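The values are calculated or read from the model by the stated rules, or taken from the named source; none is laboratory data. What you see is a predicted model, and the numbers here were worked out from it, not measured in a lab. For neighbour counting, all protein chains shown are included, and Cβ atoms are generated from backbone atoms with ideal geometry for every residue, glycine included.
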Ligand code: NAD
């Protein structure tokens, strides 16, 4: 049941159907999976969940399609991704509707997620003409030493609820131009946007005359994900989600000598130094910590502030948090939408209780909003908690908008605090001191995969490689040379002389 401040579930269901219709998709009604919306917390549709045997057929089909796709010239493979990018442009608004309906993102962030998909398609099309290998100076006369990059096989993509479409496109656009075929197992929380993305790729394939089997969608829960993980016909498992998931998936893929690319949890920090421009830092901090209702892997979770400015920074942050508009993510002006489930809100409550037990003080937020309008939904007030030290709860990722504030005296201590967590995804420093900025980016600075200066921890561009170290899993996706994870390298020596010369001056016969 919803009140006047939130759209009703029926209206959201209509809007979802309209968006799916625009993408040419009819939901596969049936049993096994329920599409829900965190806006009201209620069910939208019951869907047919992919069975184990259907998943097997999908893997067989993708493996079959690989045989011709791998020899299709890469620029021609880029043609499929170009067409997908065109369709994403045309349907950006409806796709964003589905992201908001299923993941609860506010309008501009949902549109931004689809923009990211368009951008990675552009990137991948360019890349389809740049899958360069090296020519290497041979030590032998009349020999050429070179490396080539070849398609790898079937790429299994497992994705999380919070970037339900963009993470798929990072993997799929790259994998397809690299000559791999893709089997996608999205989060069970976001089947509708998955159907729309997959439907548009099917349409793109039809438009450019490519078999649809280059991509298959598995709408299912974790068991089918496990099936994909254990299947030796799947050459690469690219899995995005919690560290718990990665801890299970990594060893299982390794046990069959498959390749894995893991993008797991983060516990990201920003350091605020005495020279920081607070006019710039404060909005950066609020966006990174409270944006997306704290449900980004790059969400700012730890603020490490110099003790001389900590009171001022905290006071201004608390004032900003009190004004944050929380509610309907479709409504103009809303900055914080719902958490994905009521369980996520419970985990947030638990973490706040633990923080207090560990000596913390909740300075803002932590309450629940709109509980009467939508009892099944979970609208949480983003929280700020001042902590005496980096205790156990601070070192864990709670996927909710909690910002722990710690203080430091000297910059080495700040860097040590930044690095003293199990995760290593994103980090940033706000400073006008060049030595501090460079030190933060240096080998003995931040140990994260992403380290920023004078911006927050979230909101990466697709051009850079995305991912992190330690319990974040070590994988890199998206830009730079992340494409190499989707290909295999062949090193070739060609002897064009009439002599057989052995390497390392070895004589034989
Ligand atoms: P989750 O780990 O619960 O699920 C992620 C996906 O893994 C889902 O599709 C799920 O069905 C599947 N899965 C879970 N266990 C599995 C198993 N044993 N075998 C195979 N598949 C399995 O994560 P979530 O709640 O959907 O997403 C939030 C988490 O994802 C956070 O920890 C966040 O930091 C992380 N995340 C990381 C990145 C990144 O790039 N590093 C990006 C987005 C989200």
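Those residues that are farther than 28 Å from residue 236 by Cα and either at pLDDT below 95 or part of a loop (DSSP other than H, G, I, E, B) (or both), I need them from the range 29-64; list them, please.
Across the range 29-64, the qualifying residues are 30, 31, 38, 39, 40, 41.
Any idea which of 232, 275, 238, 242 is in the same structural domain as residue 448 (by the TED database) and at pLDDT 95 or above?
275
Give just the number: which of (1) touching a strand residue (DSSP E or B) at 6+ places or on another chain (Cβ under 6 Å); (2) under 27 Å from residue 392 (Cβ atoms); (3) not assigned by the TED database to the domain that holds residue 184 does residue 281 not satisfy?
In the conditions (1) touching a strand residue (DSSP E or B) at 6+ places or on another chain (Cβ under 6 Å); (2) under 27 Å from residue 392 (Cβ atoms); (3) not assigned by the TED database to the domain that holds residue 184, residue 281 misses (2) alone.
So which of 225, 250 is within 16 Å of the ligand (Cβ to nearest atom) and surrounded by fewer than 24 Cβ atoms within 10 Å (Cβ to Cβ)?
Going through 225, 250 in turn, just one is within 16 Å of the ligand (Cβ to nearest atom) and surrounded by fewer than 24 Cβ atoms within 10 Å (Cβ to Cβ): 250.
Take the range 174-205 and flag every residue that is more than 15 Å from residue 240 (Cβ to Cβ), in contact with a helix residue (DSSP H, G or I) (Cβ under 7 Å, 6 or more places away or on another chain) and part of a helix (DSSP H, G or I).
If the condition is that a residue be more than 15 Å from residue 240 (Cβ to Cβ), in contact with a helix residue (DSSP H, G or I) (Cβ under 7 Å, 6 or more places away or on another chain) and part of a helix (DSSP H, G or I), then 176, 177, 192, 195, 196, 200, 201, 202, 203, 204, 205 are the ones that fit.
I'd like to know if the range 362-382 contains one or more residues that are part of a helix (DSSP H, G or I), at pLDDT 95 or above and surrounded by 20 or more Cβ atoms within 10 Å (Cβ to Cβ).
No: the range 362-382 contains no residue that is part of a helix (DSSP H, G or I), at pLDDT 95 or above and surrounded by 20 or more Cβ atoms within 10 Å (Cβ to Cβ).
Considering only residues of the range 169-192 that are under 15 Å from the mean Cα position of the chain (by Cα) and more than 11 Å from the ligand (Cβ to nearest atom), which is surrounded by the most Cβ atoms within 10 Å (Cβ to Cβ)?
173
Go through (1) within 26 Å of residue 85 (Cβ to Cβ); (2) within 14 Å of the ligand (Cβ to nearest atom); (3) not in a helix (DSSP H, G or I) and name the single condition residue 216 misses.
(2)
Just the residues that are under 13 Å from residue 266 (Cβ atoms) and surrounded by fewer than 22 Cβ atoms within 10 Å (Cβ to Cβ), please, taken from the range 461-470.
469, 470
Residues in the range 258-265: is at least one surrounded by fewer than 19 Cβ atoms within 10 Å (Cβ to Cβ) and either outside the structural domain of residue 37 (by the TED database) or more than 10 Å from the ligand (Cβ to nearest atom) (or both)?
yes
Would you pick out the residues in the range 89-148 that are closer than 26 Å to residue 15 by Cα and either in a loop (DSSP other than H, G, I, E, B) or not assigned by the TED database to the domain that holds residue 13 (or both)?
Within the range 89-148, 91, 104, 105, 106 qualify.
Checking residue 354 against (1) within 22 Å of residue 162 (Cα to Cα); (2) in a helix (DSSP H, G or I); (3) touching a helix residue (DSSP H, G or I) at 6+ places or on another chain (Cβ under 8 Å); (4) without any contact (Cβ under 8 Å) to a residue 40 or more places away in the chain, only one condition comes out false. Which one?
The single condition residue 354 does not satisfy is (1).
Considering every residue within the range 237-245, establish whether at least one is touching a helix residue (DSSP H, G or I) at 6+ places or on another chain (Cβ under 9 Å) and more than 7 Å from the ligand (Cβ to nearest atom).
Within the range 237-245, one or more residues are touching a helix residue (DSSP H, G or I) at 6+ places or on another chain (Cβ under 9 Å) and more than 7 Å from the ligand (Cβ to nearest atom).
Which of the residues spanning the range 407-427 are buried (at least 23 other Cβ atoms within 10 Å of the Cβ), assigned to a strand (DSSP E or B) and away from the ligand (no atom under 16 Å from the Cβ)?
407
How many residues, within the range 326-344, are surrounded by 19 or more Cβ atoms within 10 Å (Cβ to Cβ) and not in a strand (DSSP E or B)?
Matching residues across the range 326-344 total 10.
Out of all the residues in the range 287-316, which are buried (at least 23 other Cβ atoms within 10 Å of the Cβ) and in a helix (DSSP H, G or I)?
If the condition is that a residue be buried (at least 23 other Cβ atoms within 10 Å of the Cβ) and in a helix (DSSP H, G or I), then 288, 289, 290, 291, 292, 293, 294 are the ones that fit.
If you scan the range 383-406, which residues turn out to be free of Cβ contacts under 8 Å to residues at least 40 places away in the same chain and not in a strand (DSSP E or B)?
387, 388, 389, 391, 392
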